[in-house]
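S.K.: So that we are looking at the same thing, I have put the structure below in C-alpha cells.
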Amino acid sequence: MKNESNSCAEKMRSIIKSAIDDYARFEGMRRAFQTNFDNQEINKLKIDGFEQRRERAREVRRRSFSDDSLLKKTITRLEANGIRVRIASTKDEALNMILEEIGDEKLIVKSKSNVTKEIDLTHFLESKGIEVIETDAGDRIVQLAKEQTVHPTGPALHLTRYDVARILSDHLGYQVEPNPDELTKAIRNEISVFISRASIGITGANFITAEEGSIVVVHNEGNITACARRPKKHIIVSAPEKIVPNLDEAMNFAKLQILYGTGSLNSSFIDVISAPSRTADIEKIMFYGMHGPKEVVLILIDNGRSRIEDKEVMYCINCGSCLLKCPVYDVLGPAFGGHAYLGGRGVCFSAELEGIEKGVEGGLTYCTQCGLCTEMCPVKIDTPRLMREMRYRAIRYGFLPTPEQEEMISNVKQWGSPWSEQPESRTYWLNGLNIPSDGPILYFAGCFNSFRAPEIPRAAIDILTSAGLNISYLGADEICCGSPFLKIGAKDVFMSLALRNTSRMKKTGARKIITTCPGCYNTLSLYSQYVPEFDFKVEHISQTIATLLKEGKIEFRTKSIHATYHDPCDLGRHRGIFEDPRFILNSIPGLKLTEMKFNRNRSICCGAGAGVKKTHPELASFIGRRRLDQAIETGADHLITACAFCENNFRDALKSSSRMIEIVDLVTLTRDLAIFS
Ligand code: SF4
Ligand code: SF4
C-alpha cells in the first residue's frame, strides 16, 4: 500500500506540474465556461421563482431516493406503454445485455451519455467488431481526436476551430476550413451517412418519469431524435437516479439543466418518448415501426448504486455547472474527476462506483472544499461534505492520509497543533500582556495565527480590550480547533480535539467565543453538531468590530488607499459573513473599495484550504496567483482579507508573480486605524 501511495503521489505531482506548465491548453474551455457563467447570471433572472425551483428539485431528489416504490411503479408504467425494461446489476451484465440487444448489427449510432461512458460501452462494442459512431458534434470530435471530454454538455470546449479543422481534415482526408459553417457541415455530412445506414440507435435519458412511464431527453443538435428514430430498435442506457415522479418534475429539472448546462433559457428539443413507433391506420391492427423504432428497450444499470448509503452524490443532473468556476478544475481540467464523471462530485461518485482508490487517483486530495460548486449546482449538492466523508473512508481503508497529512496528525497528537511547536510558544504573541484565563468572552487565537501570524491575535486583543470587552484566553491550554483534520477526513482526530477544547472552554465560564481565524470560526460553529455540550455563541471578530463601529465605540483615522476584498471561504460562503468586513472597510475615510468580479458567495478560493497547501503546495500557489490576478484587475493596490491562511498563500503566490499588490489583514488594519471612544 505504501509503495502504491508513493507512486500515486508521484503521479499527482506530475499531473499538477504539467497542468501548470501547459495552463494555456484549456484556455478555450475557460472562455466557454465564462460565457456559460455570464449567460446563467443573466437568464436565471428571467425564470420565475428560480430559487424555489432549485429547492423543489433538491426536495424531489431527496424524496425520490427514499421512495422504494418509485422504481417498481416506473417499470410497470414503462412496460404498460410497450417499453421493454431490463435491469443490469453490474457493468458486465449491462454490456452483455446491450450486445444481446444489438444482435447481428455491425453499426451503432449513439448520442451523449454519461452512463455509457461509465461502462465503457464504445470500447466494449468496438472490441466486438461493432462500429460505434458518436452523433453529438462535440463527442464525435473528441472520439476522432481520442481526447478527454471536458464538460458533460460541451465535451470539446477546450478545442479551438483550428484544432477541430485539423482533426476533421486528418480524418476525412481533405482540407476542412477552420470556420464554424464549414466545420459543422463536414461533421453533419459525415455523421448523417452513418445515421441513415444504422438500424439501431443508443441514447441515454435525462429523466424517466414514473407516473407516465416516459423517457425525457433534452438536446440542441437534433441528433438524439435521429438516433431514437432508427427503424429497428432504440436502446436507452440509463440508471435509476434518472427517475423522477412525473413529467411536471421532469420539466422543472429540464429547465434547470438547460440553464445550468448551457446558460440558455431553452434547448432546441425536448423529446418525450413513451412507446415504440406505431400505427393502427390499417384495419385498426397495431403495426410497430412506422416512422421510428419497432422496439424501445430501457437498460437500467445499478453498477453499485444500490450500495451507496449517502444518496446526495446521486442528486446530480449532470449539467456540469459545478466545473465552471471550480478553482481546481480551472487548473487541472478533466484530470480532476473520474473517467466518466468530472470535478469534485465526479471524484466522489467514481469512488463510490469504482472503489476508493479511484477517488484518490481522481483527485480526492485536490479539493479545497471551497463550496463554490455547491453555489453553482442547481440541486445544491454539498460536495465539500461528500469530500470530507470520502476522505474519512479513504483513511479507514488506508489510502490516505498523505505523508504530509500524517505529519500534521502526528504533530497535533503530540503538541496540540499541526506543527511541532511547544505549546508554550503558542502564547509568544502576548509579549508580556496578561490576559485572564476565565471571563465572559473567550478569545480563541487558533494555531495559524498563534504560530505563523502573531501580529493578528495581538491586534485582536488590542482592539477587544481597548473597546472595554472583558476577554479571557486559554493560553498554552488552547489546542487546534480541528479544522484541517475535519477537512482532510481525520474525523477521529477532530473529535478528540473538539472534546478537549470544549471541556477546557467550559472551565473559563465564558458564554461567547470570538475568533480571528475563519477556519476556527467555521469549525467552532460546527462543534455543537459533534459535541452536544458545546453551547457557546461563536463570533468572528469582523462581526465584533462591525458592532463596535455601529455602537460608536470605534471610529477610524483616514487612510487613502484603493482596496479590494477577498472573501475567505470559511467566513463567507460557509458562514454567510459577507457584509461585516465590507462595512468595516467602507467605514474607513479615504478607503476606496472596488469589488472583484467574483465576490461574496461567488468568491474564488485562495487555493490553500482543506489540506491542499500541505499536500499540493504548487497547486495552492497557482490557484492563489489566479485569484491575485483578479484582485489586480480591479486596479486596487491593496488586497484585504480576514484570513491569515489566505494571506499566507497569496504571499507565496506573489513570489512567483511579476505583478504587485499589497496584502493586508483586516484586523491589523483595524487596529492601526482605530480611535476608541
Ligand atoms: S469544493 Fe471547491 S475545489 Fe472542491 S470541487 Fe467544489 S469548487 Fe472545486
Ligand atoms: S453536481 Fe450539481 S452542478 Fe455538478 S453536474 Fe451535478 S447537478 Fe450539475
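Taken together, the values in this text are just the output of simple stated rules run on the coordinates, not laboratory data. This one's a predicted model, so the numbers in the text were calculated from it and none came from an experiment. Glycine also receives a Cβ, built like all others from the backbone with ideal geometry; neighbour counts cover every protein chain displayed.
S.K.: Which lysines, if any, have their Cα less than 18 Å from the Cα of Lys325, not counting same-chain residues under 8 positions apart?
M.R.: Reachable lysines: Lys44, Lys380, Lys597.
S.K.: Then there's this: Mind jotting down the three principal axis lengths of region 552-676 based on Cα atoms? Whole angstrom, largest first.
M.R.: 45, 32, 24
S.K.: Among Ser420, Ala19, Met290, whose Cα sits farthest toward the positive end of the charge dipole of the chain (+1 at Cβ of Lys/Arg, -1 at Cβ of Asp/Glu, about the Cα centre)?
M.R.: Among Ser420, Ala19, Met290, the one farthest towards the positive end of the dipole of the chain is Ser420.
S.K.: To the nearest 0.05, what FRET efficiency results for Arg504 and Ser410 with a Förster distance of 25 Å applied to their C-beta separation?
M.R.: Working: r = 22 Å, r/R0 = 0.87.
According to the calculation, E is roughly 0.70.
S.K.: Test of understanding: ordering Tyr341, Tyr392 by Cβ neighbours within 10 Å, fewest first, what list do you get? All intermediate terms of the calculation are to be shown ahead of the outcome.
M.R.: Numbers: Tyr341 22, Tyr392 17.
Ascending number of Cβ neighbours within 10 Å: Tyr392, Tyr341.
S.K.: Using the Cβ atoms and a cut-off under 10 Å, what net charge is assigned to the surroundings of Arg602, where Lys and Arg are +1 and Asp and Glu are -1?
M.R.: +1
S.K.: How high is the FRET efficiency between Glu177 and Arg278 when r is their beta carbon distance and R₀ equals 41 Å, given to the nearest 0.05? Intermediate results must be reported in sequence, preceding the final value.
M.R.: Working: r = 44 Å, r/R0 = 1.08.
Approximately 0.40, to the nearest 0.05.
S.K.: Taking only C-alpha pairs under 8 Å that are 6+ residues apart, what is the relative contact order of the chain in percent? Mind showing how you got there, number by number?
M.R.: Details: 1281 pairs, mean separation 77.9, N = 677.
Across the chain, relative contact order equals 12 percent.
S.K.: How much length would be gained if the chain were fully extended between Glu79 and Asp48, taking 0.36 nm per residue of separation minus their Cα-Cα distance, in nm to one decimal? Write down the numbers at each step before the final one.
M.R.: Details: separation 31, 0.36 × 31 = 11.16 nm, distance 3.58 nm.
Fully extending the segment from Glu79 to Asp48 adds 7.6 nm.
S.K.: What lysines sit close enough to Lys117 to cross-link, taking a C-alpha to C-alpha distance under 19 Å and skipping anything fewer than 8 places away on the same chain?
M.R.: Lys91, Lys128, Lys146, Lys242, Lys358
S.K.: Which order results if Phe534, Phe349 are arranged by neighbouring Cβ count within 10 Å, fewest first?
M.R.: Numbers: Phe534 21, Phe349 29.
The most exposed by this proxy come first: Phe534, Phe349.
S.K.: Roughly how many debye, to the nearest 20, is the charge dipole of region 218-290 about its Cα centre, given +1 on each Lys and Arg Cβ, -1 on each Asp and Glu Cβ, and no other charges?
M.R.: On the way: 8 positive and 7 negative charges, 62 e Å.
That gives a dipole near 300 debye.
S.K.: A further question on this structure: Run the quick spin-label model on Asp629 and Trp419: label points 7 Å from Cα toward the beta carbon, then report their separation in nm to one decimal.
M.R.: Label-label distance for Asp629 and Trp419, simple model: 3.1 nm.
S.K.: Additional query: Under 21 Å between alpha carbons, and skipping anything fewer than 8 positions from Lys294 in its own chain: which lysines qualify?
M.R.: Within the straight-line cut-off, Lys294 pairs with Lys106, Lys110, Lys232, Lys233, Lys284.
S.K.: Add -39500 (n - 2.57) for each DSSP H run of 4 or more in the chain, then divide by its residues: what number comes out at 222 nm, to the nearest 500 deg cm²/dmol? It would help to have the intermediate numbers written out before the result.
M.R.: Values: 30 runs with 324 residues, N = 677.
Dividing the helical sum by the residues of the chain leaves -14500 deg cm²/dmol.
S.K.: Suppose the chain between Phe583 and Lys106 were pulled fully straight at 0.36 nm per residue; how much longer would it get relative to their current alpha carbon spacing?
M.R.: Details: separation 477, 0.36 × 477 = 171.72 nm, distance 6.76 nm.
Length difference between fully extended and current span is 165.0 nm.
S.K.: Please give the direction-averaged projected area of the C-alpha convex hull for the chain, in square nanometres with one decimal. Mind dumping the intermediate values first?
M.R.: On the way: hull surface 130.3 nm².
Computing the convex hull of the Cα atoms and averaging its projections yields 32.6 nm².
S.K.: Please report, in debye to the nearest 20, how large the charge dipole of region 2-306 is about its Cα centre when each Lys and Arg carries +1 at its beta carbon and each Asp and Glu carries -1 there. Spell out each step's value before the answer.
M.R.: Numbers: 44 positive and 45 negative charges, 66 e Å.
In total the dipole reaches around 320 debye.
S.K.: Let me ask something else. Of Phe650, Ala631, Cys606, whose Cα points farthest to the positive end of the dipole of region 552-676 (charges on the beta-carbon: +1 Lys, Arg; -1 Asp, Glu; origin at the Cα centre)?
M.R.: Result: Cys606.
S.K.: Now for a separate question. Multiply the residue separation of Lys597 and His562 by 0.36 nm, subtract the distance between their alpha-carbon atoms, and state the gained length in nm to one decimal.
M.R.: Numbers: separation 35, 0.36 × 35 = 12.60 nm, distance 1.59 nm.
Net length gain for the segment: 11.0 nm.
S.K.: Considering only Pro457, Met408, Gly398, whose Cα is most displaced toward the positive end of the charge dipole of region 370-468, charges sitting on Cβ of Lys, Arg (+1) and Asp, Glu (-1)?
M.R.: Gly398
S.K.: What is the sum of charges, Lys and Arg at +1 and Asp and Glu at -1, for the other residues whose Cβ falls under 11 Å from the Cβ of Ala636?
M.R.: Values: positive: Lys592; negative: Glu595, Glu633, Asp637, Glu662.
That works out to -3.
S.K.: I need Glu478, Glu126 ordered by Cβ neighbour count within 10 Å, fewest first. Don't jump to the answer; show the numbers that get you there.
M.R.: Working: Glu478 24, Glu126 13.
So the ranking, lowest neighbour count to highest, is Glu126, Glu478.
S.K.: What FRET efficiency comes out for Arg511 versus Phe676 if R0 is 25 angstrom and r is the Cβ-Cβ distance? Round to the nearest 0.05.
M.R.: Working: r = 24 Å, r/R0 = 0.94.
Taking R0 as 25 Å, the efficiency between Arg511 and Phe676 is 0.60.
S.K.: Which value in nm describes the separation of the simple spin-label points at Arg13 and Lys553, placed 7 Å from the Cα toward the beta carbon?
M.R.: 5.1 nm
S.K.: Okay, moving on. Counting Lys and Arg as +1 and Asp and Glu as -1, each charge on the Cβ, what is the dipole of the chain about the Cα centre in debye, to the nearest 20? Mind showing how you got there, number by number?
M.R.: Details: 88 positive and 86 negative charges, 149 e Å.
For the chain, the charge dipole is close to 720 debye.
S.K.: Sticking with this one: Using a 7 Å offset from the Cα along the Cα-to-Cβ direction at both Ser169 and Phe37, what is the distance between the two label points in nm, to one decimal?
M.R.: Each label point is offset 7 Å from its Cα along the Cβ direction, giving 3.4 nm.
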